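Heads up: the structure comes next, in structure tokens.
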Ligand SMILES: *Cc1c(COP(=O)(O)O)cnc(C)c1O
């Protein structure tokens, strides 16, 4: 038989795949028993030094290496006491989708096959979740960074079509001082100098001030510039603040600006009961970015952008030379193609793990998990408030609690406290700077977290703080 890459013995392949499934289930079911994170051992650190394999290795041995060296040393975000940055914690239904998607090996850039319909189904569900109209287009992305880039380019192309003579540096965009760094990155990628992104000041709750946005826009317009887009954030990365979306929509609509909402994790709070009302105004935005891999717990990576004006979205990206022509029917049919709505031509069936996650759990259950985390953040904030040795560094508005160790004239060394938590494997929060102070930042986007995990975290911070605090300089 001629050589291919298929297994010589499908029965052996079946045994190895079954064994892999057993390893995966053991891994997921036993998460709580293991440290959240551990320092990378030599077997991991030397991986990049391994020579290129010119000859293959039995697939069972490949699995053994992944099981022994890699599975135990993942990021840790699946663990119930992972509270760093904003990470989703994954879910078994998503793992199923990822396995099946790899076997199907669809290219979702376009053409006519089931993968396209799965992605369209997911996008239709998202339009329903966020109240976007049926004409709105969208595309699944690696994450919100890419989704924001696609949205900003779409806004810019739409504005330039209205001002064809104006040079690029006449256009200006707006985002609050709390906006994610990927907004500035996106501005750079679409050709702007950093100064073209105007920073809108925030209030005491870290929310963009609508009147300040209006003043900035009006000032720029008076100076002959062309304000084209304002970015609101639903759930800022530092403190999970939700910008006043309806008021910002009002300011931008009056002045003819595109309103984009970065809802990376916070937008999904529309599925909660407590925060539905503050997120619902995203339905009036021109575009919205969000992640499935954060608060919906789809395995990395999966994000999305929705664009109200589908024609504007297509105009920003469609480009089809003859070798990519669509036909009415057959495998080259299936118009519209997703490659016309983003940068990528070849794209995986990322949509399937989103589809299996939403199908298996339903939005009611997913929403209950989001609400649970919101309630847990309030509980943690109350524990911090009640402690003589801890203080809140920012108001808790959604799912993020920022705190400091401060006791009787002593202030904790935040970096050292967090390093001790990491090394002990007990919990993984992250840090940020609020009001000039380095603080411990606890983000709860984790369906496995229980209240007892928060109590354990508080105990561990207090214990570390007692050992690692210094005398506070007089204010
Ligand atoms: C996480 C995050 C991003 C970036 O999203 P990625 O999926 O990591 O690319 C952007 N904005 C906010 C508010 C975020 O929390």
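Suppose we keep only residues that are under 24 Å from the mean Cα position of the chain (by Cα) and assigned to a helix (DSSP H, G or I) within region 380-398. Which one would you say is surrounded by the most Cβ atoms within 10 Å (Cβ to Cβ)? Write out each step before concluding.
Start the filter on region 380-398 by keeping residues that are under 24 Å from the mean Cα position of the chain (by Cα), which leaves 380-381, 393-398.
Applying the additional criterion that residues be assigned to a helix (DSSP H, G or I) yields 380-381.
On the way: 380: 26, 381: 20.
Of everything passing the filter in region 380-398, 380 is surrounded by the most Cβ atoms within 10 Å (Cβ to Cβ).
Is there any pair with a first residue in region 170-196 that is free of Cβ contacts under 8 Å to residues at least 24 places away in the same chain and a second that is more than 16 Å from the ligand (Cβ to nearest atom) whose Cβ atoms are under 6 Å apart and which are 6 or more apart or on different chains, and what are they?
191/168
Here are some conditions: (1) within 23 Å of the chain's Cα centre (by Cα); (2) away from the ligand (no atom under 16 Å from the Cβ); (3) part of a strand (DSSP E or B). Residue 364 meets all but one. Which one does it not meet?
(3)
Can you pull out every residue in region 249-267 that is touching a strand residue (DSSP E or B) at 6+ places or on another chain (Cβ under 9 Å) and more than 15 Å from the ligand (Cβ to nearest atom)? Break it down into steps so the answer makes sense when it comes.
Of all residues in region 249-267, those touching a strand residue (DSSP E or B) at 6+ places or on another chain (Cβ under 9 Å) come to 249, 251-253, 255-267.
The answer is 249, 251, 252, 253, 255, 256, 257, 258, 259.
Does region 71-94 contain any residue that is over 29 Å from residue 41 (Cα atoms), within 24 Å of the chain's Cα centre (by Cα) and either at pLDDT 95 or above or more than 16 Å from the ligand (Cβ to nearest atom) (or both)?
Kept after step one, since they are over 29 Å from residue 41 (Cα atoms), are these residues of region 71-94: 93.
With the extra rule that they be within 24 Å of the chain's Cα centre (by Cα), the set shrinks to 93.
Okay, now just the ones that are also either at pLDDT 95 or above or more than 16 Å from the ligand (Cβ to nearest atom) (or both), so 93.
Yes.
Conditions (1) more than 28 Å from residue 75 (Cβ to Cβ); (2) within 16 Å of the ligand (Cβ to nearest atom), marked per residue:
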residue: 297; (1), (2): no, yes
residue: 300; (1), (2): no, yes
residue: 308; (1), (2): yes, no
residue: 323; (1), (2): yes, no
residue: 343; (1), (2): no, yes
residue: 384; (1), (2): no, no
residue: 400; (1), (2): no, yes
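Quick check on region 317-326. Is at least one of its residues under 30 Å from residue 174 (Cβ atoms) and either buried (at least 23 other Cβ atoms within 10 Å of the Cβ) or in contact (Cβ under 8 Å) with a residue 24 or more places away in the chain (or both)? Write out each step before concluding.
Of the residues in region 317-326, the ones under 30 Å from residue 174 (Cβ atoms) are 317-319.
In the following step, the residues that additionally are either buried (at least 23 other Cβ atoms within 10 Å of the Cβ) or in contact (Cβ under 8 Å) with a residue 24 or more places away in the chain (or both) were identified as 317.
Yes, there is a match, as at least one residue in region 317-326 is under 30 Å from residue 174 (Cβ atoms) and either buried (at least 23 other Cβ atoms within 10 Å of the Cβ) or in contact (Cβ under 8 Å) with a residue 24 or more places away in the chain (or both).
Which one of these is touching a strand residue (DSSP E or B) at 6+ places or on another chain (Cβ under 7 Å) and either surrounded by fewer than 24 Cβ atoms within 10 Å (Cβ to Cβ) or free of Cβ contacts under 8 Å to residues at least 12 places away in the same chain (or both): 441, 448, 472, 466?
Within the list 441, 448, 472, 466, the selection yields 472.
Over 10 Å from the mean Cα position of the chain (by Cα), away from the ligand (no atom under 11 Å from the Cβ) and surrounded by fewer than 24 Cβ atoms within 10 Å (Cβ to Cβ), is that true of residue 287? Break it down stepwise before answering.
Values: over 10 Å from the mean Cα position of the chain (by Cα): yes; away from the ligand (no atom under 11 Å from the Cβ): yes; surrounded by fewer than 24 Cβ atoms within 10 Å (Cβ to Cβ): no.
Judged against the criteria, residue 287 is not a match.
From the list 270, 200, 189, 237, exactly one residue is in contact with a strand residue (DSSP E or B) (Cβ under 7 Å, 6 or more places away or on another chain) and within 16 Å of the ligand (Cβ to nearest atom). Which is it? Give the derivation first.
Working: 270 fails: in contact with a strand residue (DSSP E or B) (Cβ under 7 Å, 6 or more places away or on another chain); 189 fails: in contact with a strand residue (DSSP E or B) (Cβ under 7 Å, 6 or more places away or on another chain); 237 fails: in contact with a strand residue (DSSP E or B) (Cβ under 7 Å, 6 or more places away or on another chain).
After applying the criteria, what remains is 200.
In region 215-234, which residue that is within 16 Å of the ligand (Cβ to nearest atom) and in contact with a helix residue (DSSP H, G or I) (Cβ under 7 Å, 6 or more places away or on another chain) is nearest to residue 403 (Cα to Cα)?
Kept after step one, since they are within 16 Å of the ligand (Cβ to nearest atom), are these residues of region 215-234: 229-234.
From the residues that got through so far, the ones that are in contact with a helix residue (DSSP H, G or I) (Cβ under 7 Å, 6 or more places away or on another chain) too are 229-232, 234.
On the way: 229: 34, 230: 31, 231: 28, 232: 25, 234: 21 Å.
Looking at residues that are within 16 Å of the ligand (Cβ to nearest atom) and in contact with a helix residue (DSSP H, G or I) (Cβ under 7 Å, 6 or more places away or on another chain), I get 234.
Going residue by residue through region 133-145, is there one that turns out to be within 16 Å of the ligand (Cβ to nearest atom), in contact with a helix residue (DSSP H, G or I) (Cβ under 9 Å, 6 or more places away or on another chain) and part of a helix (DSSP H, G or I)?
yes
The values are calculated or read from the model by the stated rules, or taken from the named source; none is laboratory data. What you see is a predicted model, and the numbers here were worked out from it, not measured in a lab. Every residue, glycine among them, receives a Cβ derived from its backbone with ideal geometry; neighbour counts consider all protein chains shown.
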